[in-house]
Amino acid sequence: MDRKPGVIIAVVAWLLAGVGMLLGSWLLGPKPDALLLVLASQAAVALPVLILLVPLEPRELGLGAAGWRPLLAGAGLGLVALLCSFAIQLATIAVVGQPPQELDINRVVSGLASDLGLVGLILLGAVLAGAAEEALFRGVILTGLRKHLSPAAAVLICALLFAALHLSPWRFLPQFALGCLLGWLTLRTGSCWPAAVAHAVHNGVLLAIGQLVQSRA
């Protein structure tokens with residue numbers, strides 16, 4: 001018997017994560033502590049996965065184990081995705097101009113770097129984010145969408161949901177492109193964990209470059 005989640009479960013999981021993120025942000029106030037905000041956001045993303053792990057097994061949610069070669073391929077794809085993100089961001093700036101410097105993500109990154117240093121920033125903003133977000137999106141959501149949609153449609157819709165949940169028009173196109181690459185990798189490898197490695201490498205290198213540039217400014 002096929003016990004994999006379907007489209008409805010995928011959408012409900014996305015909505016639950018979104019509501020949890022908004023609720024956490026509201027409870028923490030207009031200028032929340034950066035660490036608490038990141039932990040609350042990742043907890044909201046991980047919650048639907050944890051709920052579904054009670055009745056289902058990891059492999060039924062797209063969380064099956066992956067070998068070292070797919071994981072290594074994920075690390076390489078993370079660097080490719082980073083180059084794509086830079087190219088899309090530059091194109092976006094050329095069309096609509098520079099994003100406002102007061103973006104919430106900038107304040108959060110600066111706060112985490114100040115409190116935890118670069119290692120702590122990468123652990124929370126890259127490793128934890130990669131694991132939690134990929135378990136939800138390329139695990140639960142992509143698995144659910146694939147049950148009734150073609151592979152291409154499932155990857156595109158999953159990427160749209162992924163970009164939308166980041167709640168930033170300035171980051172939408174880079175996140176959408178990243179989501180497409182991670183979805184493709186997941187379908188190729190049969191597991192979301194290579195995508196989690198790619199996501200962590202993408203975020204980790206991006207955060208490290210950002211801190212290097214800021215320290216020399």
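No value in this document is a laboratory result; all are computed from the given coordinates. Worth saying up front: this structure is predicted, and the values here are computed from it rather than measured. Positions of Cβ are backbone-derived with ideal geometry, glycine not excepted, and every protein chain shown enters the neighbour counts.
From its DSSP helices (H runs of at least four residues, each -39,500 (n - 2.57)), the chain gives a residue-normalised ellipticity at 222 nm of -24500 deg cm²/dmol.
With springs only between Cα atoms under 10 Å, which of Ala198, Ala163, Ala135 fluctuates most in a Gaussian network model of the chain? Maximum among the listed residues: Ala163. To the nearest ten degrees, helix 172-189 and the longest principal axis of the Cα atoms of the chain are 40 degrees apart. Quick one: angle between helix 193-216 and the longest Cα principal axis of the chain, in degrees between 0 and 90, rounded to 10, please. Helix 193-216 sits at roughly 0 degrees to that axis.
Taking 0.36 nm per residue of sequence separation and removing the Cα-Cα distance, the Lys147/Ser215 pair yields an extension gain of 19.7 nm.
If you run the Gaussian network model on the chain, springs between alpha carbon atoms under 10 Å, then out of Thr186, Thr143, Thr92 the most flexible one is Thr92.
Counting neighbouring Cβ atoms within 10 Å and putting the fewest first, the residues Ile9, Ile209 line up as Ile209, Ile9.
About its Cα centre, the chain has a charge dipole of approximately 400 debye under the convention of +1 per Lys or Arg Cβ and -1 per Asp or Glu Cβ, with nothing else charged.
Counting other C-beta atoms within 10 Å, which of Ser85, Ser150, Ser41 has the fewest, and how do the rest follow? So the ranking, lowest neighbour count to highest, is Ser150, Ser85, Ser41. Note on the chain: dipole from Cβ charges, positive end direction compared against Leu160, Ser150, Gly139; the farthest Cα belongs to Ser150. Backbone phi angles across region 117-123, fed through the Karplus curve with coefficients 6.51, -1.76 and 1.60 (θ = phi - 60°), yield HN-Hα couplings of x, 5, 5, x, 4, 5, 4 Hz in residue order; Gly and Pro are listed as x.
Computed on region 7-216, with alpha-carbon pairs under 8 angstrom and 6+ residues apart, the relative contact order is 34 percent. With neighbours defined as other Cβ atoms within 10 Å of a residue's Cβ, the residues Trp14, Trp170, Trp68, Trp26 order from fewest to most as Trp68, Trp26, Trp170, Trp14.
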